[in-house]
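**Student:** Supplied in structure tokens, the structure appears directly below.
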Protein chains: 2
Amino acid sequence: MTAPRHVFYISDRTGLTAENIGEALLNQFGRIEFKRHTYPFIDTPEKARTVVEIVNRNAQENGLRPIAFVSVVNDEIREIIKKAGAFHINFFETFLGLLEKELNTEAVAAEQGHHSIGNTQRYDARMEAVNFSLNHDDGVSDKNLKEADVILMGVSRSGKTPTCLYLALQYGIRAANYPLIPDDLESTDLPRMVKPYKDKLFGLTIQPERLQAIRQERRPNSTYAKIDTCRSEIADAQNMFKRHGIPFTNTTDKSVEELAVHILQACKLKRRF
Amino acid sequence: MTAPRHVFYISDRTGLTAENIGEALLNQFGRIEFKRHTYPFIDTPEKARTVVEIVNRNAQENGLRPIAFVSVVNDEIREIIKKAGAFHINFFETFLGLLEKELNTEAVAAEQGHHSIGNTQRYDARMEAVNFSLNHDDGVSDKNLKEADVILMGVSRSGKTPTCLYLALQYGIRAANYPLIPDDLESTDLPRMVKPYKDKLFGLTIQPERLQAIRQERRPNSTYAKIDTCRSEIADAQNMFKRHGIPFTNTTDKSVEELAVHILQACKLKRRF
């Protein structure tokens, strides 16, 4: 077993983008152990110099050259970070020059004012969507359901709530959700509350074994958590989706991000900011 | 005014990473108008060929070479997409070769099984954190507050709820929140409910004008939405934070992502997955 390779994510913003693309790349080297360090908000030369010292000290202590994934817009700060004794992967620099050539124009840093106005609008859209989702969680209210962009339907614990909240936070989508209870599942009709909004419905299904595990965690040894209950509820729900032509997807092996993008595609929804 | 330049985000996963880094790059060319198209889940040669046709048709119709930001792990699919008549920015290819050299090993595609187990664990951590946040929203319960990773405190509408939910979804952090009501603000002591957990507290402040706008939207022309009310509540809250040494930040110009990363840093929290 060799020593882990140290990885630094350095960004003048949150570092999320650098982390995402960095992790996707490191994933391709499954046999190597990595140790991660994230330095967000490196937006002054002083902070940049401090990070350089930290990286250099790490390199010295470990004897292995660290890997630095750098996502920094500002030239001056980028130049300082470059001096760190690491193997640099520089997202901005690598592509900005290529894009300048292709677009036949010089890149200019985004204005500060512009950025903060964008944040406010984005924030408002998110707030509104999050409030909407919270107010329409678990079928608690059909008030304003006609203002929903999408209504997720599925049996209890099939993953509706986190998906709704993610759609709200990430895309500003007003996502309501409606839990299919046994009464709903016995009927061949759509539940009364959501029937008027058939075009907004999207169904979630899940593997019975996975559902059982989730329910068992919540209410151990209940009828609710029995594998037979899970199987029959899921089968009934799926039949309902098919009977009424409601698009649906299986959540079992999907992340919340993947689910959200599937739903956007299937329902032809666009982000609100 | 010139015609907009078409931009394609093509990914074998959600396309979120490609969009994030692509948008950051395009932001540097503020004067050019871009029209975006995202094609997620391009994970078969067939889908790849369809996308190539779409890109080529777009190029023909618009007379301008489109820009393609491509984030595809699979070699075969990447090779097909390369044939599209676009200006390609290929995230994986550009860096994978460099990393292979640096790490002195060949990249291998991540195993499918590994991925889905990772998803399940991640999903469980998120579910748990989201449920925790929902159960501890707006100070509704002090039950299990000792299990919180962080407790956000601030006046009504200062941005606590979306930030808590984002911390839960993105990092699996159990974030509770406590709204400072006028009664709390009149006292020099910390609110009874959160006092035992002083080390977990983080304060949110906001510009009075911005708070007024948000409250006005919610309860027009109420005392609650008056600028004087907003000013004094915010001043009292800030005094409380300072008096008790509680770290705090101003939410006004920050996105939810930025707030979340600030809080992680200030409270020395690590993602739970």
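Coordinate-derived values only; no laboratory data. Bear in mind the structure is a predicted one, so any value in this text is a computation, not a measurement. Cβ placement follows ideal geometry from the backbone for every residue including glycine, while neighbour counts extend to all protein chains displayed.
**Student:** Please state the shape class of the protein assembly as shown: rounded when a/c is under 1.5, otherwise prolate if a/b exceeds b/c and oblate if not, all from the C-alpha gyration tensor.
**Tutor:** Rounded, because the longest to shortest axis ratio a/c is under 1.5.
**Student:** For A:C267, what charge total do you get from the other residues with a beta carbon under 13 Å from its beta carbon, if Lys and Arg give +1 and Asp and Glu give -1?
**Tutor:** +4
**Student:** Report the equivalent ellipsoid semi-axes for region A:123-183 in whole Å, largest first, defined as the square roots of five times the eigenvalues of the gyration tensor built from alpha carbon atoms.
**Tutor:** Computed over region A:123-183, the values are 19, 12, 8 Å.
**Student:** Now for a separate question. At A:K226 and A:A266, where each label point lies 7 Å from the Cα along Cα→Cβ, what is the point-to-point distance in nanometres?
**Tutor:** Modelled inter-label distance: 2.9 nm.
**Student:** Continuing with the same structure: What shape does region A:3-101 take by its C-alpha gyration tensor, where a ≥ b ≥ c are the square roots of the eigenvalues and a/c under 1.5 counts as rounded, a/b above b/c as prolate, and the rest as oblate?
**Tutor:** Since a/c reaches 1.5 but b/c is at least a/b, the shape of region A:3-101 is classed as oblate.
**Student:** Would you calculate a helix-derived [θ] at 222 nm for chain B, using -39,500 (n - 2.57) for each DSSP H run of n ≥ 4 and dividing by the full residue count, to the nearest 500?
**Tutor:** After summing the helix terms and dividing by the residues of chain B, the value is -15000 deg cm²/dmol.
**Student:** Relative to the other copies, what are the label-point distances for B:R57, with labels 7 Å from Cα along the C-beta vector, expressed in nm at one decimal and sorted shortest first?
**Tutor:** Computed spacing set for this position: 5.8 nm.
**Student:** Please report, for A:E93, the nm distances (one decimal) from its label point, 7 Å out from Cα along the beta-carbon direction, to the equivalent points in the remaining copies, shortest first.
**Tutor:** Reported distances to equivalent positions: 2.3 nm.
**Student:** Which trypsin sites (Lys or Arg not before Pro) does region A:11-45 hold that lie in a coil by DSSP with at most 15 other beta carbons within 10 Å?
**Tutor:** Listed in order of number, the matching sites are A:R31.
**Student:** Another one. Kindly put B:R210, A:R65, B:R243 in sequence by how many other C-beta atoms sit within 10 Å of each C-beta, fewest to most.
**Tutor:** Ranked by crowding around the Cβ, least crowded first: B:R243, A:R65, B:R210.
**Student:** Mind scanning A:K242/B:K35; A:K146/A:K226; A:K47/A:K82; A:K195/A:K254; A:K198/A:K226 and naming the pairs with a C-alpha gap bigger than 24 Å?
**Tutor:** Pairs exceeding 24 Å: A:K242/B:K35; A:K146/A:K226; A:K195/A:K254; A:K198/A:K226.
**Student:** Could you give the nm distance between label points at B:E106 and A:K195, where each point is 7 Å from its Cα heading toward the beta carbon?
**Tutor:** Each label point is offset 7 Å from its Cα along the Cβ direction, giving 6.2 nm.
**Student:** Another question, if that's okay. Could you check the simple spin-label distance between B:K35 and B:D75, using points 7 Å along Cα→Cβ, in nm with one decimal?
**Tutor:** Placing both labels 7 Å beyond Cα along the Cβ direction yields 3.7 nm.
**Student:** Taking a point 7 Å out from Cα toward Cβ as the label site, list the nm distances between A:E147 and the same residue in every other copy, smallest first.
**Tutor:** Between copies, matching label points for A:E147 lie 3.4 nm apart.
**Student:** Under 1.5 on a/c is rounded, so check that first for region A:124-232, then, if it is not, pick prolate when a/b is larger than b/c and oblate when it is not; a ≥ b ≥ c are the square roots of the alpha carbon gyration tensor eigenvalues.
**Tutor:** Oblate, because a/c is 1.5 or more while a/b does not exceed b/c.
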